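Below is one structure, written out as structure tokens; comments come after it.
The values are calculated or read from the model by the stated rules, or taken from the named source; none is laboratory data. For clarity, every value in this text was computed on a predicted model and none was experimentally measured. With ideal geometry, Cβ positions are generated from the backbone for all residues, glycine too; neighbour counts draw on all protein chains shown. The area values use the complete protein model at the heavy-atom level, side chains included, leaving out ligands, DNA and RNA. Shrake-Rupley method; radii C 1.70, N 1.55, O 1.52, S 1.80 Å.
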Amino acid sequence: MKQPRRFETRAVHSGEHRAGAKEGRDGIFYPISTPIYASTTFSHPNIETTDRVLGGEEQGYSYARYDNPTVRAFEEALLSLEAPKSEAGIRTFAFASGMAATHAALAAAELADGATVLAAEQLYGSTSTLLVQIFGASGVETSFVDAYDLGAVEKKVAGLEPRAVVVESISNPLLRVADIQGISKITRAAGAALIVDNTFGTPYLQRPLELGADIVIHSATKYLSGHGDLTAGVVAAGPPYTAAVEQLRKLVGGVLGPFEAWLAHRGLKTLPLRMGRQCENAREIASRLAAHPKVAKVNHPFLSAHPDHETAGRVLSDTGGLVSFELAAEGREAAFAFLNALELCVKAPSLGDIYTLAIHPATSSHRELSPSRRKRLGVGENLVRLSVGIEHAEDVISDLEQALERL
Ligand SMILES: *Cc1c(COP(=O)(O)O)cnc(C)c1O
């Protein structure tokens, strides 16, 4: 039997339609990269075809808010990575940002008046705020739980009977690793939808739909596109959620544009190369920081002291490209002095780029939280987070070491 194509091969080839010749005014040609179709509308050879395309009886394109060939090429490529066994009717939908994708996923899970949602207390700040303020205003009740404590999730689900449970495959900034298989057993039994934000994991590390998740969301602004040059989001889901996600995207209009889709698709082709290097670099950096006298503690799932070291071995194919660490010197001043002393690492509040990025979570991602909540989540003033890039690890380590020496 023919071997199914591997992840790396699918990453570079999926979504491209090379077999069909294009008959243009310049003859027959085969673009090896899907062009940017900067067209709002698509015409057909006759009005009957337009009628069938608009009626959904024939495959095709009509209006760019509904669908666009460049956007679809990116979606097909991602589908081949996130859900290679797509017989379950799983589809991917590209959005203009991770938050637009998150909103559509939550709305598709029928979070309406009277519904309860159970969310990880470690969630991305804007996702928590979206739930509490926007969905909260329409009568949705959000309750929070430590999603990396399976017993706590089980108890809360039994008590609240939530319509949906929202978790991240890997949390920020302590890099806790969710036991998606364990959580999905609980949500399946309770009839709740399990929504997993796989931005930190990417399909390279984990495919939550294969582990029992119902809906996967991504900020494609991060690892999927990988070059810090665009904003995009994706929802991957099967029935019964696909129709709702598609309708929400059509009606709310948060669709990805063709230029960004083209860039995101180009970035996606090197996901396995980038992630492989980023994971390798992160392991080396984490190990070296853990042995440094000016570092008090390092958070990275590869380290045996990490609370989810064992879970990571079960649910992730590698340990990821993020590392966070506490400086031995206490307080914000030391953290700022360290960050200001960096010469190579870029001080910027994002992640997943080819560059190594460094941030101070207490004043960026976790800025809006009270000091006591930050403390509970383990986000101290002396915590620094790195999103490790694809540079030579030794150059990044030299930069970190010279900045530590200056403390
Ligand atoms: C960045 C991010 C988002 C939001 O994505 P945008 O593309 O900025 O809208 C959601 N979840 C996680 C985990 C993120 O890191």
Quiz item: Would you say Pro361 is under 21 Å from the mean Cα position of the chain (by Cα), open to solvent by 30 Å² or more (accessible area, probe 1.4 Å) and closer than 26 Å to Arg277 by Cβ?
Solution: no
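Here's a check for you: in region 286-301, which residue that is out of contact with any His (no Cβ under 8 Å at 6 or more places or on another chain) and part of a helix (DSSP H, G or I) is most open to solvent (accessible area, probe 1.4 Å)? So that I can check it myself, show each step before the final result.
Residues of region 286-301 that are out of contact with any His (no Cβ under 8 Å at 6 or more places or on another chain), as a first pass: 287-298.
Adding the requirement that they be part of a helix (DSSP H, G or I) leaves 287-290.
Working: Ser287: 48, Arg288: 84, Leu289: 9, Ala290: 60 Å².
If we take residues in region 286-301 being out of contact with any His (no Cβ under 8 Å at 6 or more places or on another chain) and part of a helix (DSSP H, G or I), then Arg288 is most open to solvent (accessible area, probe 1.4 Å).
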Quiz item: Identify, please: which residue in region 187-235 is away from the ligand (no atom under 14 Å from the Cβ) and assigned to a strand (DSSP E or B) and is, among those, nearest to the chain's Cα centre (by Cα)?
Solution: Leu194
Quiz item: Checking Arg249 against (1) away from the ligand (no atom under 12 Å from the Cβ); (2) open to solvent by 20 Å² or more (accessible area, probe 1.4 Å); (3) of a type in the set (Lys, Arg), which single condition isn't satisfied?
Solution: (2)
Practice problem: Give region 368-397 a look and list any residue that's open to solvent by 40 Å² or more (accessible area, probe 1.4 Å) and within 21 Å of the chain's Cα centre (by Cα), or say none. | Solution: Ile390
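Of the residues Val167, Val177, only one is within 26 Å of Ala286 (Cβ to Cβ) and without any contact (Cβ under 8 Å) to a residue 60 or more places away in the chain; which? Please lay out each step first, then the result.
Values: Val177 fails: without any contact (Cβ under 8 Å) to a residue 60 or more places away in the chain.
The conditions single out Val167.
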